[in-house]
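For reference, the structure is listed below as structure tokens.
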Amino acid sequence: MSDAIVAGILDCRTGEIIETVTRATEKTALRLKVRDELNKEHGKDAFYAFELDTALGFNLSYLRMLMKSNDPALTLEVELLSARYKVYQTTQQLARLEKEVTACEDAFDKCCELFENGSLELEFVQCGLEDELTDRRDSVSGCKSDLAMYKKRVTEFEARINQQKGVLGIFPSKKT
């Protein structure tokens, strides 16, 4: 797939991410490790296997409920991973949308070349295709806005984590 982290294991007592995976096929092994090993050894709900690439989306509220402390700093690392995954996902979507726009523009140009300038046929083709082309360009623009927002979130989470490291001197580290 890629280097994008799609799932991991979180220690609900400390907020430390103890393991992450980049392939969806490895998610089941994480869930089993939490169920069969970690929570048996350390107690029920001590660890949680989170997934960033679920169809329903990542549920931070549920994760916060599982945490053994109300300290919001304990979920910063997971929030950062979630934001990074959104950047990855949106980057992939943007690349796909840009390819679609290019293909549609090429098709539009080829269709228009078939007819003489000023002809009724050319006007018909242009009117029929311009709205679709505009909608697709708007989708690209919206996706670029989303990407900028997610990148900003990543930067904000990184700054908060660095600030937290400075205050505490240490902070849970993630292991991949």
Qualifying positions in the stretch 55-86 - aliphatic (A, V, I, L, M) and crowded, with 18+ Cβ neighbours inside 10 Å
63, 67, 74, 76, 78, 80, 81, 83
Mind listing just one residue for me: the one in the stretch 87-103 that is of a type in the set (A, V, I, L, M) and touching a Lys or Arg at 6+ places or on another chain (Cβ under 8 Å) and, of those, surrounded by the fewest Cβ atoms within 10 Å (Cβ to Cβ)?
101
Based on what the data block shows, is residue 98 in contact with a helix residue (DSSP H, G or I) (Cβ under 9 Å, 6 or more places away or on another chain), under 21 Å from residue 139 (Cβ atoms), assigned to a helix (DSSP H, G or I) and of a type in the set (D, E, K, R)?
yes
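Here are 74, 81, 32: which of them is out of contact with any Pro (no Cβ under 7 Å at 6 or more places or on another chain), at pLDDT 95 or above, more than 30 Å from residue 135 (Cα to Cα) and part of a helix (DSSP H, G or I)?
Answer to the check: 32.
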Selected residue (only one of 101, 154 is within 24 Å of residue 78 (Cβ to Cβ), in contact (Cβ under 8 Å) with a residue 24 or more places away in the chain and β-branched (Val, Ile, Thr)):
154
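The values are calculated or read from the model by the stated rules, or taken from the named source; none is laboratory data. Small disclaimer: the values here were computed from a predicted structure and weren't measured. Positions of Cβ are backbone-derived with ideal geometry, glycine not excepted, and every protein chain shown enters the neighbour counts.
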